[in-house]
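As structure tokens, the structure follows; a few thoughts come after it.
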Amino acid sequence: KAGVTQTPRYLIKTRGQQVTLSCSPISGHRSVSWYQQTPGQGLQFLFEYFSETQRNKGNFPGRFSGRQFSNSRSEMNVSTLELGDSALYLCASSVGGSLGEQYFGPGTRLTVT
Amino acid sequence: SQQGEEDPQALSIQEGENATMNCSYKTSINNLQWYRQNSGRGLVHLILIRSNEREKHSGRLRVTLDTSKKSSSLLITASRAADTASYFCATDESDGGSNYKLTFGKGTLLTVNP
């Protein structure tokens with residue numbers, strides 16, 4: 001079974017721009033969660049989508065949004081990028097939800113200049 | 001906020017030795033998970049232990065959970081150079097309502113020297 005894939009793997013954006021990241025979960029997994037990883041804050045939960053509905057969310061500003069499509073693929077959007085948004089963004093999929101065993105993708109490394 | 005915190009922050013051992021990492025958390029949990037992250041394989045799930053379990057094994061891994069002390073430990077026996085990675089514990093955290101999230105600690109960096 002193919003693992004979780006994320007595109008693009010690397011991205012460089014300028015402050016003020018917006019960015020869209022994509023995640024394809026493992027086949028059959030209906031839950032997709034997004035995380036931000038930085039050296040200072042570690043791994044932080046952004047939100048979870050299950051059957052196209054946001055089910056749980058973390059403590060991030062409204063500039064961070066997401067959606068899930070009927071095939072369970074998910075996108076995450078960050079608008080009005082700030083320097084502090086530079087991070088590794090990880091997507092994880094699971095069978096039952098964001099609190100169970102998570103299968104992580106390789107991540108998208110976003111650099112904001 | 002960090003629900004789980006690992007200790008020590010860094011650990012360096014020789015191949016063949018055992019490695020023990022600890023995790024403490026603040027609020028009651030339904031389950032606790034351990035993950036490993038290295039540059040080669042990314043973030044990988046190792047083991048999940050439920051709040052009503054005290055010990056769980058998987059290969060060379062042994063996890064214990066003490067809910068009265070709000071702590072867990074991960075033991076890796078007969079370590080190998082390939083075990084070099086950061087190890088994270090993760091717990092479910094509620095905002096007091098119906099919103100839950102998986103909260104990761106800052107991790108323990110384990111280095112296994114050949």
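The values are calculated or read from the model by the stated rules, or taken from the named source; none is laboratory data. In this text, all values refer to a predicted model and were calculated from it rather than measured experimentally. So basically every Cβ, Gly included, is an ideal-geometry build from the backbone, and we count neighbours across all protein chains shown. For the accessible areas, the whole protein counts, side chains as well, though only heavy atoms, and no ligand, DNA or RNA atoms are used. Shrake-Rupley method; radii C 1.70, N 1.55, O 1.52, S 1.80 Å.
Could you pull out every one of the strands (runs of 3 or more DSSP E) wholly within the stretch A:55-113 that has 3 or more residues that are within 14 Å of chain B (Cβ to nearest Cβ) and among the hydroxyl-bearing types (S, T, Y)?
Working: elements: A:64-68, A:74-78, A:87-94, A:108-112.
Result: A:87-94.
I need the full set of residues from the stretch A:86-102 which are over 12 Å from A:Y35 (Cα atoms) and under 14 Å from the mean Cα position of the chain (by Cα), in order please. Steps first, answer last, please.
Going through the stretch A:86-102, the residues over 12 Å from A:Y35 (Cα atoms) turn out to be A:86, A:94-97, A:99-101.
Scanning the stretch A:86-102 gives A:S86, A:S94.
Residue check: is A:Q36 under 13 Å from the mean Cα position of the chain (by Cα), without any contact (Cβ under 8 Å) to a residue 60 or more places away in the chain and open to solvent by less than 20 Å² (accessible area, probe 1.4 Å)? Steps first, answer last, please.
Working: under 13 Å from the mean Cα position of the chain (by Cα): yes; without any contact (Cβ under 8 Å) to a residue 60 or more places away in the chain: yes; open to solvent by less than 20 Å² (accessible area, probe 1.4 Å): yes.
Spelling it out, A:Q36 is indeed under 13 Å from the mean Cα position of the chain (by Cα), without any contact (Cβ under 8 Å) to a residue 60 or more places away in the chain and open to solvent by less than 20 Å² (accessible area, probe 1.4 Å).
Criterion first (farther than 23 Å from A:G96 by Cβ, open to solvent by less than 50 Å² (accessible area, probe 1.4 Å) and aliphatic (A, V, I, L, M)) does B:L102 satisfy it?
No; evaluated as a whole, the condition is false for this residue.
Which residue pairs have Cβ atoms closer than 9 Å, lie 6 or more positions apart in sequence or on different chains, and pair a first residue in the stretch B:29-50 that is in contact (Cβ under 8 Å) with a residue 12 or more places away in the chain and surrounded by 17 or more Cβ atoms within 10 Å (Cβ to Cβ) with a second residue that is in a loop (DSSP other than H, G, I, E, B) and acidic (D, E)?
What qualifies is B:N31/B:E53; B:Q33/A:E101; B:H45/A:E101; B:L48/A:E101.
Filter the stretch A:4-30 for residues that are modelled with pLDDT of 95 or more and within 9 Å of A:S93 (Cβ to Cβ) and give the result.
Once the filter is applied, which keeps residues that are modelled with pLDDT of 95 or more and within 9 Å of A:S93 (Cβ to Cβ), the stretch A:4-30 yields A:V4, A:C23, A:S24, A:P25, A:I26.
Got a sec? Which of A:L90, A:L11 is open to solvent by 10 Å² or more (accessible area, probe 1.4 Å), in contact (Cβ under 8 Å) with a residue 40 or more places away in the chain and not hydroxyl-bearing (S, T, Y)?
Details: A:L90 fails: open to solvent by 10 Å² or more (accessible area, probe 1.4 Å).
It is A:L11.
I'd like to check something: does the stretch A:57-75 contain any residue that is surrounded by 13 or more Cβ atoms within 10 Å (Cβ to Cβ) and on the phi > 0 side of the Ramachandran plot?
Yes.
Pick from the stretch B:1-35 the residues that are in a loop (DSSP other than H, G, I, E, B) and at pLDDT 95 or above: which of them is nearest to B:G107 (Cα to Cα)?
Residues of the stretch B:1-35 that are in a loop (DSSP other than H, G, I, E, B), as a first pass: B:1-3, B:8-9, B:15-18, B:26-30.
Applying the additional criterion that residues be at pLDDT 95 or above yields B:15-18.
Numbers: B:E15: 21, B:G16: 22, B:E17: 20, B:N18: 18 Å.
The residue in question is B:N18.
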